[in-house]
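Reading through the structure tokens given below for one structure.
The values are calculated or read from the model by the stated rules, or taken from the named source; none is laboratory data. Note that this is a predicted model, so its numbers are computed, not measured. Glycine also receives a Cβ, built like all others from the backbone with ideal geometry; neighbour counts cover every protein chain displayed. Ligands, DNA and RNA are excluded from the accessible area calculation, which covers all protein heavy atoms including side chains. Shrake-Rupley method; radii C 1.70, N 1.55, O 1.52, S 1.80 Å.
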Amino acid sequence: MDFFTARIAPAEPTPQDLATRRWIYIPYDRFTDRTGPLAEQPASQTGIVIVESIAKALRRPYHKKKLILLISNMRHFALEQAARGVKVLYHFSPESHGQALLKLQRDRKLPPLTVMSPAERELRIDLAQAESQGLQLLYVPDTTWTSTTQDFLDTFGPYKPGKSYVMDRFYRRQRQQTGILMNNAKPIGGQFSFDTENRKPYKNQVPIPAPPTFPPDDLTQEVIAFVEQTYPHHFGTSEGFNLPCTQADCDRMWRFALEHLLPTFGPYEDAMRDDQPQLFHSKTSPLINLARLLPMDLIRDVEAASADDRIPLASAEGFIRQLLGWREFMRHLHQQTDGYRLLTNKAPTSSLTGATPSALNAQLPLPAVYWGVKSGLHCIDTVVAQVVDEGWSHHITRLMVLSNLATLCGFSPRELTDWFWFAYIDAYDWVVETNVLGMATYADGGLTATKPYVSGAAYINRMSNYCGHCQYDPKQSTGPNSCPFTALYWTFLERNEAILGNNFRLQMPYTTLHKKKPEELVQLRTRAAEAIAHLQSFKRPNY
Ligand SMILES: Cc1cc2nc3c(=O)[nH]c(=O)nc-3n(C[C@H](O)[C@H](O)[C@H](O)COP(=O)(O)OP(=O)(O)OC[C@H]3O[C@@H](n4cnc5c(N)ncnc54)[C@H](O)[C@@H]3O)c2cc1C
Ligand code: SF4
């Protein structure tokens, strides 16, 4: 800690600073002075409070690289603010953020602290508890988002049980509202979405540019040692840490994505490779979720690049839809449903226990393969190894490999959510709970997605090179060498027919299922049961 504490010490406020400056609390995921209260007055009139909470880091066995990314960005942000003349109260605490702030405000006689409305439900509850004990906060809107709660309510109205939400409606409205990729109230290119053009497998058609590197500086080295010492049993590895931790490096990472990756993003958005895991994905989510990169800045950059023909429209629209549409849609949905608790409870709650919807009644424990124990299923083993190493994998691997297997087998959606939450470096409650309980597992019974995102081996084989390196045969659905995904897929449909049988988007697969001969169905059931037993046979590590 010596390196950092020595450098931040000169920014320590005097009693006069405490009395005369505007004091702002910076949550652990809002490192920006480009918008919000930090951008509203000169640095010479500003003070910030930052809490490094051990209690928060210990809430789950967060990936070591996530803790390093977050803590190093937090400390670098504190130094960046100090360098421009902001006074900094950087507080290390074994307690939660709320409790640490409460004590700090009392001990240092701090005035009420301005704070942007927290993104994470967990932090909102923590702060509310401390407020009930005397903590004084002044909430202001979080201007890092690209939409307001009212935008969401104007599209869908207030939450009602049984309601279905379609992201596309919200996205179209936001395009019209913001004028992004619009011309005279019409979508540029004549359509709002080019999703159907973005489904090619990647077979070395265009080279993938080498990404920039971010070797850890002295401060980050100190954080790596601190994380190894304080959280030695957490998930993943700290080895090879190579993520941006300064504002300048975060901007550099974005410029690289904008110039070199996004021009080819669209067509290969859904492709998967064991030798090129990132493909053309920007890998910006960890930095956007820390507010190091602001979504509206990224959207404007991509829109400008599209207007200059530096990024094809289908790629630009595909990227903008994720940020202007999906990301905002998910966080509103989380807030409106009290983190999906309203699906199972009648009223909002202050409980920190995770919501447990499971529309398909999936209850099997998540098996050890998600912790890196080899299963022999090459797709799963490859993606899990990447997550253990990096704490990141791209969208389709999350959806159509990791979550697909869990949904098909009937593994608990809550356990899968908790796994994603600690295993991924970009996970926060508002984004991980909605994506896993909603989009990926259908645990919410169709609130977020009109059908479960599930597939047999055919999809994975078409969109990846995994199957070519696997011991199983994606073309066989029964027998010992057959790919387990296909048998699991048919038995999943069969098992859930009472719930899914009338879903109009599943009519084709159900028609095919009904044409299968009884002997084949028996073989499929046997193969699926063997696969689940095989996956459940490995012992899970304790965290
Ligand atoms: C099971 C599952 C779990 C997920 N968990 C998370 C999570 O914990 N944190 C997270 O940020 N994203 C999550 N996502 C969404 C998405 O997979 C990641 O945002 C994306 O893969 C991050 O990589 P990227 O920055 O290269 O994204 P790109 O493909 O380059 O997309 C650009 C940006 O759009 C945003 N975005 C894209 N899709 C979504 C989405 N569905 N929800 C919210 N934002 C989106 C991200 O900020 C991302 O950086 C999850 C998706 C699934 C299916
Ligand atoms: S054959 Fe089946 S298990 Fe193997 S990589 Fe392909 S989809 Fe995965």
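Taking the Cα centre of the chain as reference, the dipole from Cβ charges on Lys and Arg (+1) and Asp and Glu (-1) amounts to some 1140 debye.
Coupling constants for the range 509-520 follow from the phi torsions by the Karplus curve (6.51 cos²θ - 1.76 cosθ + 1.60, θ = phi - 60°), and in residue order they are x, 5, 4, 4, 4, 5, 7, 6, 6, x, 5, 5 Hz; glycine and proline get x. For the range 430-494, the spread of Cα positions along the three principal axes, ordered from largest to smallest, is 39, 27, 15 Å.
Among Gly391, Leu416, Ala457, whose Cα sits farthest toward the positive end of the charge dipole of the range 385-486 (+1 at Cβ of Lys/Arg, -1 at Cβ of Asp/Glu, about the Cα centre)? After comparing all options, I get Ala457. A straight line joining the Cα centroids of the range 400-456 and the range 468-543 runs 18 Å.
Can you tell me the dipole magnitude for the range 287-420 around its Cα centre, using point charges on the Cβ only (Lys, Arg +1; Asp, Glu -1), in Debye to the nearest 20?
Values: 11 positive and 13 negative charges, 96 e Å.
So the dipole magnitude of the range 287-420 works out to roughly 460 debye.
Overall shape of the range 352-471 was characterised from the C-alpha gyration tensor. The equivalent ellipsoid obtained from it has semi-axes of 22, 16, 13 Å, in decreasing order.
Hey, what's the chain come to in accessible area per residue, 1.4 Å probe, Å²?
Values: 21890 Å² over 543 residues.
Here the residues of the chain average 40 Å² of exposed surface.
For the chain, what is the Kirkwood estimate of the hydrodynamic radius, computed as the reciprocal of the mean inverse distance between distinct Cα atoms, to one decimal in Å?
So the Kirkwood estimate lands at 24.7 Å.
Temperature 25 °C, viscosity 0.890 mPa s: under these conditions the Stokes-Einstein estimate for the range 168-267, based on its Kirkwood radius over C-alpha pairs, is 138 µm² per second. On the chain, 53 percent of the accessible area sits on carbon and sulfur atoms, based on a 1.4 Å probe.
Only Cα pairs under 8 Å and at least 6 apart count here; give the relative contact order of the range 260-328 as a rounded whole percent. Present the calculation step by step, with values, prior to reporting the outcome.
Details: 53 pairs, mean separation 27.9, N = 69.
40 percent.
Net charge near Ala385: determine it from the other residues with C-beta under 15 Å of the C-beta of Ala385, scoring Lys and Arg +1 and Asp and Glu -1.
On the way: positive: Lys65, Arg273, Lys374, Arg398; negative: Glu239, Asp274, Asp275, Asp381, Asp389, Glu390.
Neighbour charge sum, excluding Ala385 itself: -2.
The overall shape of the range 46-138 is oblate: from the C-alpha gyration tensor, with semi-axes ordered a ≥ b ≥ c, the ratio a/c is 1.5 or greater and a/b is no larger than b/c. Explain nothing, just the number: dipole magnitude of the range 7-144 about its Cα centre with +1 on each Lys and Arg Cβ and -1 on each Asp and Glu Cβ, in debye rounded to the nearest 20. Dipole about the Cα centre, nearest 20: 320 debye. Rounded to the nearest 10 degrees, the angle from helix 97-108 to the longest Cα principal axis of the chain is 0 degrees. Scaling the Cα radius of gyration of the range 460-543 by the globular reference 2.2 N^0.38 Å produces a ratio of 1.24. Any idea what the alpha-carbon Rg over 2.2 N^0.38 Å comes to for the range 94-141? For the range 94-141, the normalised Cα radius of gyration is 1.06.
Summing +1 for each Lys or Arg and -1 for each Asp or Glu, what net charge is found among the other residues whose Cβ lies under 10 Å from the Cβ of Cys483? List each step's numbers first, then the result.
Working: positive: Lys475, Arg527; negative: Asp473.
Taking every other residue near Cys483 into account, the sum is +1.
So what is the calculated 222 nm ellipticity per residue for the chain, using -39500 (n - 2.57) for each DSSP H run with n of 4 or more, over all residues, to the nearest 500 deg cm²/dmol? Walk me through the intermediate numbers first.
On the way: 23 runs with 224 residues, N = 543.
Using -39500 (n - 2.57) per qualifying helix, the result is -12000 deg cm²/dmol.
If you take all other residues with their beta carbon under 12 Å from the beta carbon of Gly445, and give Lys and Arg +1 and Asp and Glu -1, the sum is +1. Between the residues Ile208, Gly468, Pro232, the greatest Cα displacement towards the positive end of the dipole of the chain, with unit charges on the Cβ of Lys, Arg, Asp and Glu, is found for Gly468.
For helix 484-495, what angle does its Cα long axis make with the longest principal axis of the chain, in degrees from 0 to 90 and rounded to 10? Once rounded, one gets 90 degrees. With viscosity 0.890 mPa s and temperature 25 °C, the Kirkwood radius over alpha carbon pairs of the range 184-226 converts through Stokes-Einstein to a diffusion coefficient of 156 µm²/s. For q = 0.25, 0.30, 0.32 Å⁻¹, what log10 I(q)/I(0) does the range 50-101 give under the Debye formula with an equal point scatterer on each alpha carbon and no solvent? For the requested q values the scattering log ratios are -0.99, -1.14, -1.18.
Grouping the Cα pair distances of the range 273-423 into 5 Å bins from zero gives a pair-distance distribution of 2, 8, 14, 17, 17, 16, 13, 8, 4, 1, 0 percent in increasing distance order. Projecting the Cα atoms of Val401, Gln278, Asn73 onto the charge dipole of the chain (Cβ charges, centred on the Cα centre) puts Val401 farthest toward the positive pole. Counting only the Cα atoms, the range 184-324 fills a convex hull of 131 Å³ per residue. Helix 218-230 axis versus longest C-alpha principal axis of the chain: approximately 70°, rounded to the nearest ten.
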